[in-house]
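**Q** Mind looking over this structure? Questions follow.
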Amino acid sequence: MLPATKADLFTDFVREVEPRLHAALIALMGTDHAREATADALLWAWENWQRVEKMDNPAGYLYRVARTKARRLFRTPPVLPAVVSAEMPWIEPKLPVAMGRLPESQRVVVVMVYALGWTQAEVARFLGMSHGSVQKHAERGLAKLRKSLGGAA
């Protein structure tokens, strides 16, 4: 059996990391810019593969690379997908607007934990923050959403 090439290793890495990276970036910057930011981060990873493949948390590092690059390019607030009541009656139609009003860290944590089903430990590792910080962002984000949507805080 031949040893894996750089391209093979990178392809396997992208298959594993891209879906989660893209989902986290949607939570951060909305759908309009997430695809481009994901592509930029993965291009950076390819160009710096020798460094990236040795990292303990390469996906989290690429998230930060994408966030930094996107902040330079996109100064607009995130536009989260609208909810069409007839297609998704279980989702509150005002939720995307309420989510867009959350501070970035709370929005990202709330989406990753409650919409994508990541554990708080996974989010903490991915974002490079403590478990306690993730828990606080989740609690505060949910409290703000409840208040914004008229529920009990």
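The values are calculated or read from the model by the stated rules, or taken from the named source; none is laboratory data. Predicted, not measured: the structure shown is a model, and the values here were computed from it. We place every Cβ from the backbone using ideal geometry, glycine too, and count neighbours over all the protein chains shown.
**Q** Specify the residue that is modelled with the lowest pLDDT; the eligible residues are those in the stretch 51-78 that are over 14 Å from the mean Cα position of the chain (by Cα), hydrophobic (A, V, I, L, M, F, W, C) and surrounded by 13 or more Cβ atoms within 10 Å (Cβ to Cβ).
**A** The extreme case among them is PHE74.
**Q** Please verify whether HIS22 is in contact with a Ser or Thr (Cβ under 6 Å, 6 or more places away or on another chain) and within 19 Å of MET99 (Cβ to Cβ), treating the condition exactly as stated.
**A** Working: in contact with a Ser or Thr (Cβ under 6 Å, 6 or more places away or on another chain): yes; within 19 Å of MET99 (Cβ to Cβ): yes.
Yes, satisfied.
**Q** Which of the numbered conditions does ALA24 fail, given that it passes all the others? Conditions: (1) closer than 17 Å to LYS69 by Cβ; (2) surrounded by fewer than 21 Cβ atoms within 10 Å (Cβ to Cβ).
**A** Among (1) closer than 17 Å to LYS69 by Cβ; (2) surrounded by fewer than 21 Cβ atoms within 10 Å (Cβ to Cβ), ALA24 violates only (2).
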